[in-house]
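Structure first, commentary second.
The values are calculated or read from the model by the stated rules, or taken from the named source; none is laboratory data. On a predicted model such as this, the values are computed, not experimentally measured, just so you know. Here the Cβ positions follow ideal geometry from the backbone for every residue, glycine too, while neighbour counts run over all protein chains shown.
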Amino acid sequence: MSLGPAEVGKIAHLARLAIREQDVPAYARNLSAILELVEQMNAVDTSGVAPLANPLDMAQRLRADEVTETDQRAHFQAIAPRVEAGLYLVPKVIE
Amino acid sequence: MHDKTIAQLSAGLAAGEFSSEELTRALLERIEQFNPSLNAFITVTDEAALSQARAADQRRRQGQAEPLTGVPIAQKDIFCTDGVRTSCGSRMLDRFIAPYNATVVDKLNAAGMVMLGKTNMDEFAMGSSNETSFYGPVRNPWDLDAVPGGSSGGSAAAVAARLAPGATGTDTGGSIRQPAALCGITGIKPTYGRVSRWGMIAYASSLDQGGPFARTAEDCALLLGAMAGFDPRDSTSVNQPVPDYVAALDQPLTGVKIGLPKEYFGDGLDGSVAHVVEAAITEYQALGAQIVEVSLPNSRLAIPAYYVIAPAECSSNLARFDGVRYGHRCDQPKDLLDLYTRSRAEGFGAEVTRRILVGTFALSAGYYDAYYLKAQQIRRLISEDFQRVFAQVDVIAGPTSPTVAFNLGEKVDDPITMYLSDIYTIAVNLAGLPGLSLPVGFVGQRPVGLQLIGNYFAEERLLNAAHRYQQATDWHRRTPTAFA
């Protein structure tokens, strides 16, 4: 499958990535080449093959819904771009 | 001291020949001297290292030293280190000071190891040459014009140049084995679930696995023993006891069956690399192993399936970088969408962007079945190929990489050609199997690696097979001249 500039723009929007206009053709070219590579999969009939998500075919372990972590809010917020009174400060444009 | 293996350093520390502080100072001096030409470290934690070294010496005086106590190590900058910048090779995390330690870091600290610093890597572990790092490429100690491989290129280069006796790495499609091969050292990617992924920044969660680099299989056995184990904080961690990897090293290889997949010796394999790998196989025959030809018929589909699954998982994992809670935030966003899209575009480099876009496309409405589901079905076929072969053989062997290290800049503008560097390593991640690369010779100045693949949790067997080879040969003792 070959992707054109419009499709790249649509995917970039879904991925929330601002791609500069001048970079779009190169991404379209690279992405099309990658899709061409991955479409080699179509040469194999996989009907009836169960998809493998976890390589050990294991289900994810669940844990009891209990509080196990201590409060480290101040420690974790120390790396935030901006905080005040325990809250994350974001630019005013976010309502 | 810098040319000693971890096992030798451990013995030297135990015998009181030198202290951890002396050893750590010597290596920090080497890092200061050589890192400018290699760019293997993003951050050097010299003060913390010296303080850890003094604590290790103290612990030894108190009679509480373990084999790794006081031995220095370099951590790939993908492992969160409390209070130390953890950049993952990205502008996005250039100013991210991790607020906690990865389990691997905690475990190595508990063993008394001394962290020298954080090593350079491809951005978010996406790359095979270390050229996608925000901090610039790492150079290969064997030839400064060559790449060290990736994504754990800084770790591999640091060990090869004798700046650290061991290092951690992560391997999603070959990121431990391929740089180990290109830098002439030993590295093992354990079975998926063997080493905790907690605090290891996620790229593709169903493929990512941490493991060690060192010069010898014996050292890798020591390090893996300290890194592995069940972690309730990683939901895919496997609750299975960790064997004594060192105890198994010396078993004879008599009668061990080694399978050579014919698909790993076909078109695409450089002739001179093939020659070196064949000589290593002959050595294994001399060690008593029985060589049989096997087939992994779906091998050619590994790269196509990987370049759907890994980007799909990465597009989901990297969605957390939104410019709000941590990581890079753009200046003066005009609205919420602008905040997201510009923060992400400014924070991520081209390869990461490409993979997020491919993954977003593969998971988008209307394409999921044709790409993601199809890739997962192919993944099962690849996994079943391996199980059929492991019914006949104990170990699979072949080249780690189709060529020796290529030149810096040679493939950087051509993603597809770059992806093909991992043609022999990717299937192992898709199946979740353990794989090891060990040095077995050179083509010109540049090292060649042999890959050994084992069945689930057969790390002991791989380390044993590599150790026996290293007892009989000296490729692993070769040192790049400029760093002797």
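Checking A:Ala28, A:Ala12, A:Ala33, A:Ala80 one by one, the residue that is within 23 Å of the chain's Cα centre (by Cα), of a type in the set (A, V, I, L, M, F, W, C), surrounded by 10 or more Cβ atoms within 10 Å (Cβ to Cβ) and more than 7 Å from chain B (Cβ to nearest Cβ) is A:Ala28 and no other. Summed over the range B:55-93, residues that are more than 24 Å from B:Val159 (Cα to Cα), within 14 Å of chain A (Cβ to nearest Cβ) and part of a loop (DSSP other than H, G, I, E, B) total 1. Quick check: is even one residue across the range B:414-432 within 14 Å of chain A (Cβ to nearest Cβ), without any contact (Cβ under 8 Å) to a residue 24 or more places away in the chain, in a loop (DSSP other than H, G, I, E, B) and out of contact with any Phe, Trp or Tyr (no Cβ under 9 Å at 6 or more places or on another chain)? Taking every residue of the range B:414-432 in turn, at least one turns out to be within 14 Å of chain A (Cβ to nearest Cβ), without any contact (Cβ under 8 Å) to a residue 24 or more places away in the chain, in a loop (DSSP other than H, G, I, E, B) and out of contact with any Phe, Trp or Tyr (no Cβ under 9 Å at 6 or more places or on another chain). Please verify whether A:Asn54 is closer than 30 Å to B:Asp413 by Cβ, facing another protein chain (nearest Cβ under 7 Å) and of a type in the set (S, T, N, Q), treating the condition exactly as stated. No.
Of the residues B:Gly323, B:Gly268, the single one that is modelled with pLDDT under 95 and surrounded by fewer than 18 Cβ atoms within 10 Å (Cβ to Cβ) is B:Gly268.
I'm checking my understanding of the structure. Among residues of the range B:300-325 that are at the interface with chain A (Cβ under 8 Å from one of its Cβ atoms) and basic (Lys, Arg), which one is farthest from B:Ser383 (Cα to Cα)? By that ranking, first place goes to B:Arg325. The residue that is nearest to the chain's Cα centre (by Cα), counting only those in the range A:36-76 that are in a helix (DSSP H, G or I) and over 21 Å from B:Leu301 (Cβ atoms), is A:Phe76.
Taken over the range B:1-44, the criterion of being at pLDDT 95 or above, under 30 Å from B:Asp145 (Cβ atoms) and hydrophobic (A, V, I, L, M, F, W, C) is satisfied by B:Ile6, B:Ala26, B:Leu27, B:Leu28, B:Ile31, B:Phe34, B:Leu38, B:Ala40, B:Phe41, B:Ile42, B:Val44. Against the conditions (1) within 10 Å of another protein chain (Cβ to nearest Cβ); (2) closer than 21 Å to A:Ala43 by Cα; (3) not small (Gly, Ala, Ser), B:Lys334 satisfies every one except (2). With respect to (1) more than 23 Å from the chain's Cα centre (by Cα); (2) part of a strand (DSSP E or B), the lone exception for B:Leu50 is condition (2). Would it be correct to say that B:Ala375 is within 8 Å of chain A (Cβ to nearest Cβ), modelled with pLDDT of 95 or more and under 24 Å from B:Ala305 (Cβ atoms)? So B:Ala375 passes the test. For B:Leu260, the criteria (1) surrounded by 12 or more Cβ atoms within 10 Å (Cβ to Cβ); (2) more than 24 Å from B:Leu182 (Cβ to Cβ); (3) in contact with an Asp or Glu (Cβ under 9 Å, 6 or more places away or on another chain) hold in every case but one, which is (2).
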